[in-house]
1. Report every pair of residues separated by at least 6 positions or lying on different chains whose Cβ atoms are under 9 Å apart, first residue within region 339-353 and farther than 14 Å from P244 by Cβ, second among the β-branched types (V, I, T) and surrounded by fewer than 18 Cβ atoms within 10 Å (Cβ to Cβ).
2. So which residues in region 193-230 are under 18 Å from G29 (Cβ atoms) and polar (S, T, N, Q)?
3. Any chance you could count how many residues in region 334-353 are surrounded by fewer than 18 Cβ atoms within 10 Å (Cβ to Cβ), at pLDDT 90 or above and of a type in the set (A, V, I, L, M)?
4. For M117, state whether it is surrounded by 15 or more Cβ atoms within 10 Å (Cβ to Cβ) and part of a strand (DSSP E or B).
5. For I312, state whether it is in contact with a Gly (Cβ under 8 Å, 6 or more places away or on another chain), in a strand (DSSP E or B) and either at pLDDT below 90 or surrounded by 11 or more Cβ atoms within 10 Å (Cβ to Cβ) (or both).
6. Run down V26, V22 and say which single residue is modelled with pLDDT of 95 or more, of a type in the set (A, V, I, L, M) and over 12 Å from L188 (Cβ atoms).
7. How do the pairs read when you match residues in region 106-128 that are assigned by TED's automatic domain parsing to the domain that holds V92 and farther than 11 Å from A145 by Cα with residues anywhere that are assigned to a helix (DSSP H, G or I) and of a type in the set (V, I, T), using Cβ under 9 Å and keeping only pairs 6 or more apart or on different chains?
8. Any idea how many residues of region 307-324 are touching a helix residue (DSSP H, G or I) at 6+ places or on another chain (Cβ under 9 Å) and closer than 21 Å to G232 by Cβ?
Amino acid sequence: MALLEIVRAEKRFGAITAVREVSLVVEAGAFFALLGPSGCGKTTLLRLIAGFERLDGGHILIDGHDIGALPPYERPVNMMFQSYALFPHMNVAQNVAFGLRQQRMERRRIATRVEEMLALVQMSDCRRRRPHELSGGQRQRVALARALARMPKLLLLDEPLVALDRKLRDETRIELIGIQQRVGTTFLVVTHDQEEALSMASQIGVMNEGRLVQIGAPAEIYERPNSRFVAGFVGEVNLFEGIPTIGPAGPVLRVAGMPEPIPLPAAACAGRDRLALAVRPEKLALSRERPPGFALAATVTAIGYLGGLSAIRLAAAGRELKARMPSALAAGLVRGSPVWASWAHDDAIVIAD
């Protein structure tokens with residue numbers, strides 16, 4: 001069942017259109033991520049939902065009710081800001097209770113709700129500390145508890161992990177997923193971090209230049225991007241652009257500078273003058289001996305050790321390629337090593353735009 005429905009939302013700032021006819025449906029109980037580069041309009045869309053900006057066109061509905069004319073405090077929505085916005089003169093418990101006191105909730109109920117929220121985010125032992133006495137991860141948990149305390153139908157999170165270091169971000173992602181599943185609140189998170197969106201969200205909407213360009217499950221967005229932009233923004237990709245033709249053994253892509261054409265799926269050529277083929281780095285196989293079928297002669301130019309995986313840069317046919325493989329398999333490779341690069345036929349993604 002749809003909790004949030006956005007219908008052709010528009011927002012302009014002078015001559016700049018920040019949000020362009022965005023339509024979106026978010027199901028109740030979903031963990032939805034808006035993903036895109038800085039300036040793409042995702043935070044503006046979040047602020048439109050929260051009521052901090054007014055629509056120039058379109059509608060925003062929650063549970064089928066148009067909330068476009070409602071002020072922020074009357075919307076069944078709460079927002080967790082990137083800066084966390086905790087009150088420095090209040091302790092943890094007082095910060096969590098603030099919104100409940102604004103609602104004039106009965107004092108005993110406030111105390112009970114605060115204890116429930118602190119237990120949820122594992123901050124019960126820190127209830128009397130002030131924000132400056134907390135770590136970044138602890139402040140993030142307090143902000144989340146405060147945002148959830150009012151039991152909103154929809155929780156908006158603006159870059160919630162951006163202020164945390166890498167290890168803490170990884171830990172907090174898992175905690176956020178667990179908290180969302182336990183409380184059942186619909187989460188809508190804005191992020192520019194592809195890994196963050198892929199690992200947390202049940203659905204992802206990719207934005208670019210004010211538009212939603214693709215919506216889908218994380219695996220769909222990563223494995224079946226619908227454009228060059230999505231393929232290149234959501235993870236790394238090797239992109240081959242050229243002219244599709246029919247060769248002796250079937251459809252192929254002729255790429256300038258490539259010694260031989262790249263095989264294509266049977267339906268790839270239909271009605272297309274040009275197209276691109278995308279191959280993810282982890283799909284690129286490297287071998288000392290030439291494998292059967294299509295393969296590119298390449299030279300290793302750099303190897304980056306990432307623990308269990310190694311990132312490998314290659315020079316092939318006048319272009320740079322990227323590969324990722326288990327470090328144990330990459331152990332024999334050094335800069336200057338000659339290799340053959342290939343991929344399984346089904347691992348290549350045909351992109352027509």
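The values are calculated or read from the model by the stated rules, or taken from the named source; none is laboratory data. Small disclaimer: the values here were computed from a predicted structure and weren't measured. When we count neighbours, we look across all protein chains shown, and the Cβ atoms used for this are built from the backbone with ideal geometry, even at glycine.
1. That search, which allows pairs on different chains as well, returns V339/T299.
2. S202, Q203
3. Going through region 334-353 one residue at a time, the tally reaches 1.
4. Details: surrounded by 15 or more Cβ atoms within 10 Å (Cβ to Cβ): yes; part of a strand (DSSP E or B): no.
In short, no.
5. Numbers: in contact with a Gly (Cβ under 8 Å, 6 or more places away or on another chain): yes; in a strand (DSSP E or B): yes; either at pLDDT below 90 or surrounded by 11 or more Cβ atoms within 10 Å (Cβ to Cβ) (or both): yes.
The answer is yes for I312.
6. Numbers: V26 fails: over 12 Å from L188 (Cβ atoms).
Only one candidate passes the filter, namely V22.
7. Cβ pairs passing all conditions: C126/V92; C126/V142; R127/V92; R127/V96; R127/V114; R128/V92.
8. Going residue by residue through region 307-324, those that are touching a helix residue (DSSP H, G or I) at 6+ places or on another chain (Cβ under 9 Å) are 307-312, 321-324.
Narrowing the set further to residues that are closer than 21 Å to G232 by Cβ leaves 309, 311-312, 321-324.
So the answer is 7.
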